[in-house]
Each structure stands twice: as structure tokens, then as C-alpha cells.
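Here's the structure we're looking at; comments come further down.
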Amino acid sequence: MKEISDKKMYYFVDESGDTNFYGKNGIDLIKHNKASKIFIVGYLETENMNQISKDIYNLKTEIKNDQYLKGIPSLEKSLLHFHAKDDCSEVRQLVFKSIAKMDFNAYILVFRKNAEHFKKKFNCEPSKLYEYMIEKLFENRLHLYKDIDLYFSKMGNIIREHNMKNALEKAKFNFKNKWNNKESSNIRIFIQEPSQIMPLQVIDYVIWTINRVYEKNDLRYYNFIKNKIKLIYDIMDTKKYPHNYYSEKNPLDINKISPLDS
């Protein structure tokens with residue numbers, strides 16, 4: 001087990017997909033293809049928050065001054081903050097090329113949505129699902145550095161400082177209970193708009209690539225930056241257990257994962 005490092009590390013958390021399960025009259029939105037089939041939470045880890053922020057700022061300046069891109073309707077929104085789902089293809093290409101040069105590692109948790117499971121385990125409360133995913137995402141990642149600044153992208157009423165603290169405390173407890181580890185990090189929590197914290201825009205792009213693999217069977221974007229993604233945990237793919245972890249040694253592939261409708 002690694003000893004705690006004196007480095008200060010920055011974590012940036014975002015999600016992809018939605019937390020919709022039931023509609024009017026209790027209709028199962030997932031089975032009727034009216035909601036995403038997965039919900040993803042992930043984070044990027046870096047020592048170089050300032051450099052990543054500078055890279056994104058410089059890219060926005062470049063895009064703003066690019067005569068070829070002027071007049072694209074979505075450009076104004078992209079210049080406020082990059083969002084992979086909404087950015088035009090020209091901007092998306094430039095963002096991905098910039099991301100490929102950045103210094104960070106990403107860790108991803110994929111949750112396969114099931115309405116009945118959501119009702120039984122989380123009492124139909126999206127905040128409880130999110131809290132559970134944060135607990136599992138960070139269970140083995142909070143003992144590595146002496147100081148961690150942890151930034152969450154705002155998500156309506158689902159993310160609140162008290163329930164994120166609760167999830168992180170559970171993650172710490174689980175790790176200490178499993179490994180009898182006494183090390184502890186100093187963690188500060190920030191809940192911010194992506195437009196305010198530029199690395200949140202980067203993790204949005206990274207998670208989007210995983211969403212594309214699962215929802216669209218599209219590996220193109222993931223393959224371009226997969227060296228940045230150190231772990232993908234497909235937590236509900238019990239059919240593949242214990243091989244539902246994907247990493248550099250075992251890259252994610254459409255043929256490896258269980259179909260979402262299985």
C-alpha cells in the first residue's frame with residue numbers, strides 16, 4: 001500500500017447521463033427509452049490545476065479569434081464553458097486535441113440504471129444514488145495525498161456539501177475498515193459551476209467519451225484519450241464480475257461489456 005504523499009492534489013468531479021427513472025403514473029422511463037440507460041460519475045486528478053485552466057483559457061481565446069468558426073450558433077455557449085454534448089464538431093475536435101496534451105488521470109464509475117433497483121436501494125431519491133456513487137468512486141482514492149481540493153460540478157439539488165461530506169466519510173471508513181489504514185487526507189470540498197472552474201469542463205469531455213461507448217457503441221473519442229483514463233468500474237455489470245474493471249492493461253471495448261438491455 002502506498003504511503004501518503006505530501007503532494008497537494010486536485011480532484012474534479014462531473015457526471016453524464018440522467019437520474020430519471022420513473023415518469024407519470026409510475027412508467028419505467030428506461031424501458032421506454034425516455035431516459036438514459038446509464039448514469040456515470042467520474043473525476044480527474046491533477047497536480048496542475050493552473051496549467052489545465054490556462055490551456056482551456058488559451059483555447060477559448062484561439063476559438064474566439066478564429067474567423068472560420070465565427071457565426072456558429074453554439075459558439076457563444078461554448079466560450080462560456082465547453083460541454084461535449086452541446087459543442088459543435090469543430091470546437092469538439094479542438095478541445096479533444098488540447099485534452100490529449102494535458103497532465104491528468106481520470107477515474108470513472110458506470111451505473112447501469114434499473115428502476116426497481118433504484119426504488120429498493122435508493123428510495124427513488126437521486127441524491128442517495130449520487131452519494132452512493134461518490135462513496136464507491138473514492139473508496140480507494142482518499143488516502144493517497146496529504147491535501148486534496150475536491151471540486152464538484154453543480155447538479156441542481158442533488159449535490160450538497162453535507163451529503164458529499166457524508167459520502168466521502170463513508171468512503172474513508174470503508175477503506176480503513178478493509179485495510180486497517182490510519183492515514184487520512186485533509187479534504188476541502190467546493191461545489192462550482194463549470195464556467196467558473198475550467199478543469200470541470202475537461203472531465204465533462206472525458207466522461208462523455210464513456211457515455212458514447214455505452215449508449216452509442218462509439219469508441220472513437222474514448223480511444224483518442226484512453227491513456228488518460230486509468231480506471232472504469234462498471235459497477236452493476238455483475239455478469240462480468242470480477243472483470244468489470246477496465247484500465248490501460250484491459251481497455252474498455254464494446255465486445256467486453258454486457259449489453260445494456262441484457
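Scanning the stretch 188-205 for residues that are buried (at least 21 other Cβ atoms within 10 Å of the Cβ), not in a loop (DSSP other than H, G, I, E, B) and not charged (D, E, K, R) returns PRO199, LEU200, GLN201, VAL202, ILE203, TYR205. Of all residue pairs spaced 6 or more apart or on separate chains, those with beta-carbon atoms under 7 Å, a first member in the stretch 157-179 that is more than 12 Å from HIS143 (Cα to Cα) and a second member that is of a type in the set (Val, Ile, Thr) and assigned to a helix (DSSP H, G or I) are MET164/ILE134; ALA167/ILE134. Just one of the numbered conditions (1) within 20 Å of the chain's Cα centre (by Cα); (2) of a type outside the set (S, T, N, Q); (3) closer than 19 Å to ILE235 by Cα; (4) surrounded by fewer than 13 Cβ atoms within 10 Å (Cβ to Cβ) is not true of GLU161: (3).
Please work out if TYR57 is under 30 Å from ILE148 (Cβ atoms), aromatic (Phe, Trp, Tyr) and at pLDDT 95 or above.
The answer is yes for TYR57.
Assess whether LEU252 counts as being touching a residue at least 40 places away in the same chain (Cβ under 8 Å) and outside any helix (DSSP H, G or I).
yes
With LEU109, LEU69 as the choices, which residue is of a type in the set (A, V, I, L, M, F, W, C), in contact with a strand residue (DSSP E or B) (Cβ under 7 Å, 6 or more places away or on another chain) and outside any helix (DSSP H, G or I)? Criteria check complete, one pass: LEU109.
Residues that are more than 13 Å from VAL206 (Cβ to Cβ) and either among the aliphatic types (A, V, I, L, M) or crowded, with 23+ Cβ neighbours inside 10 Å (or both) within the stretch 76-109 comprise SER78, LEU79, LEU80, ASP87, VAL91, LEU94, listed in sequence order.
Inspection of the stretch 136-154 identifies at least one residue that is surrounded by fewer than 17 Cβ atoms within 10 Å (Cβ to Cβ), within 19 Å of the chain's Cα centre (by Cα), at pLDDT below 85 and assigned to a loop (DSSP other than H, G, I, E, B).
The values are calculated or read from the model by the stated rules, or taken from the named source; none is laboratory data. Model, not experiment: these values are computed from the prediction. Cβ sites come from the backbone with ideal geometry, for glycine too, and all protein chains shown count toward neighbours.
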